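Input: a single structure, listed below in C-alpha cells.
Quick note: the coordinates plus some simple rules give every number you see, no bench work behind them. Note that the coordinates shown come from a computational prediction; the quantities given were computed from them, not determined experimentally. A quick note on method: Cβ atoms are made from the backbone with ideal geometry, for glycine too, and the neighbour counts reach across all protein chains shown.
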Amino acid sequence: MDLGIQNKVAVVLAASKGLGRATAEALAAEGVRVIIGSRNREELEKTAQEISKKTGTEVVGFPVDVTDAMQVENFIVKAVQQFGQLDILINNAGGPPFGPVESFDENQWQAAFELNLLSTVRITRLVLPHLKKTGSGRIINIVSMSVKSVLDGSVLSTSIRMGVIGMAKMLADEVGPDQITVNNVCPGMILTDRIRSSGIKKELAAGLTEEEALAEKAKNIPLRRIGKPEELAALITFLASEKASYITGTTIQVDGGVVRSIF
Ligand SMILES: NC(=O)c1ccc[n+]([C@@H]2O[C@H](COP(=O)([O-])OP(=O)(O)OC[C@H]3O[C@@H](n4cnc5c(N)ncnc54)[C@H](OP(=O)(O)O)[C@@H]3O)[C@@H](O)[C@H]2O)c1
C-alpha cells in the first residue's frame with residue numbers, strides 16, 4: 001500500500017529510544033523526513049544518524065526538554081527552518097512514575113502535568129499554524145492503555161492523559177475544516193527501557209529474571225506476549241498517512257487485547 005507520505009515532514013518528540021524512536025524509523029522508512037527531539041544530545045544524534053543510514057531518509061535531531069517552554073519554542077523554530085514545512089506531529093514524552101494515589105505529593109502531580117499534558121498543549125499550539133498550511137496535517141499523541149482500563153499504580157498517567165484525550169477530541173472538532181486529523185494511540189505493554197526499568201519492577205524485586213518477569217506479565221495479555229515498538233509505530237504511520245484521511249478524534253489501543261472493555 002502506498003501511504004502517500006513520501007517527502008512529508010514529521011516532528012517526533014521523545015524519540016532517542018523506545019516508542020518515539022520506532023515511530024521516527026517507521027516514518028522515515030516511508031520517505032518522511034523526520035526531526036526528532038529529546039534531552040540527551042549524544043543519544044539523539046546517534047539515533048538520528050542510525051535511522052538515516054538504515055532508511056536513506058533525512059533525519060535530524062535537536063535536543064529539547066518538552067517541559068521547558070523556551071526550549072520547545074526554539075526546537076520548533078529550528079524544525080521549521082530545517083525543511084521549510086511541517087506536516088505531521090507526534091506528541092510523546094517520558095512517562096510519569098507508578099505508585100498508589102496516596103504516594104504522590106503536589107510536586108509530583110505538577111511534574112506529571114507538565115511532562116504529559118502541558119508539553120502536548122504547548123507543542124501542538126506551536127505546530128498548528130504550520131499544519132494548517134499543508135491541507136492534510138496530522139497530530140498523533142502517544143498516550144497509554146491506562147486511559148481505557150485500570151492499570152495498577154498508573155494514577156498520574158491515567159489522570160493526566162485524560163486531559164490529552166479531552167484536548168485531542170476538542171481539537172479534532174476545531175481543526176477538521178483545515179483537514180487536520182487528531183488521534184491518540186494507547187500502547188499496552190511494549191518492550192522499551194521504560195518497561196525494563198519501571199514496568200516489571202515488582203517482579204524483579206521478587207527475584208524473577210527479566211525474561212521471567214516479562215513472561216509473567218504476558219500471561220494476562222490475550223496475545224500472550226509483550227508488544228514490539230514497531231507494532232505501535234505501524235499504527236502511527238498509518239494514521240499519519242493519506243490513507244487515514246477520514247480518521248480523526250479517535251483513541252486506539254495497540255495492546256495485544258489487554259484492555260478488556262467492550263466499548
Ligand atoms: N512502553 C510501553 O509499554 C508504554 C505503555 C504505555 C505508555 N507508554 C508511554 O509512552 C511514552 C514513551 O515511552 P517509552 O516506553 O518509549 O519510554 P522510553 O523507552 O523510556 O523512552 C523515553 C524517551 O523519552 C525521552 N524523554 C524523556 N523525558 C523527556 C523530556 N522531558 N523531554 C524530551 N524527551 C524526553 C527520552 O530521552 P531523554 O531521556 O534523552 O530525554 C527517550 O527518548 C511514555 O510517556 C510512556 O509512559 C509506554
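Given the DSSP H assignment, sum -39500 (n - 2.57) over each helix run of at least 4 residues in the chain and divide by its residue total; what's the result at 222 nm in deg cm²/dmol, nearest 500?
Working: 9 runs with 111 residues, N = 263.
Computed mean residue ellipticity for the chain: -13000 deg cm²/dmol.
Across the stretch 177-182, coupling constants 3J(HN,Hα) worked out from phi with the 6.51/-1.76/1.60 Karplus curve, θ = phi - 60°, read x, 8, 6, 9, 9, 10 Hz, and Gly and Pro carry x. Within the chain, the longest run free of trypsin sites (Lys or Arg not before Pro) that sit in a DSSP loop with at most 16 other Cβ atoms within 10 Å is 40-132. Does the stretch 222-263 classify as rounded, prolate or oblate by the C-alpha gyration tensor (a ≥ b ≥ c root eigenvalues; a/c under 1.5 gives rounded; else a/b over b/c gives prolate, otherwise oblate)? Oblate, since a/c reaches 1.5 and b/c is not below a/b.
Compared with the dominant Cα axis of the chain, that is its longest principal axis, helix 229-240 is turned about 40°. Under 5 Å from the amide H of ASN91 lie the amide H atoms of ILE140, ASN141, ILE142, each residue being 5 or more positions distant or on a separate chain, with H modelled from the backbone and absent for Pro and chain starts. For the stretch 157-263, the Cα gyration tensor yields ellipsoid semi-axes of 32, 15, 12 Å (square root of five times each eigenvalue, largest first, whole Å). Normalised by 2.2 N^0.38 Å, where N counts its residues, the alpha-carbon radius of gyration of the stretch 33-179 equals 1.12.
In order along the stretch 205-219, the phi-based Karplus estimate (6.51 cos²θ - 1.76 cosθ + 1.60, θ = phi - 60°) of 3J(HN,Hα) comes to 5, 7, x, 6, 6, 4, 5, 5, 5, 5, 5, 5, 4, 5, 4 Hz; Gly and Pro are listed as x.
Over the stretch 52-131, what portion of Cα pair distances is larger than 15 Å, expressed as a whole percent? The partial results should precede the final answer.
Working: 2004 of 3160 pairs.
Roughly 63 percent, rounded to a whole number.
Residue by residue, the stretch 158-174 carries 3J(HN,Hα) couplings of 4, 5, 6, 6, 4, x, 5, 4, x, 5, 4, 5, 4, 5, 4, 5, 6 Hz when phi is fed to the Karplus relation 6.51 cos²θ - 1.76 cosθ + 1.60 (θ = phi - 60°); x denotes Gly or Pro.
Normalised Debye scattering of the chain at q = 0.11 Å⁻¹ gives log10 I(q)/I(0) of -0.57, counting only Cα atoms as equal scatterers and leaving out solvent. Remark on VAL254: its backbone amide H falls under 5 Å from those of CYS186, GLY188, a criterion applied only to residues 5 or more positions apart or on other chains, H modelled at 1.01 Å from N.
Amide H contacts under 5 Å for GLY61: ILE36, restricted to partners 5 or more places along the chain or on a different chain, H placed in the peptide plane at 1.01 Å from N.
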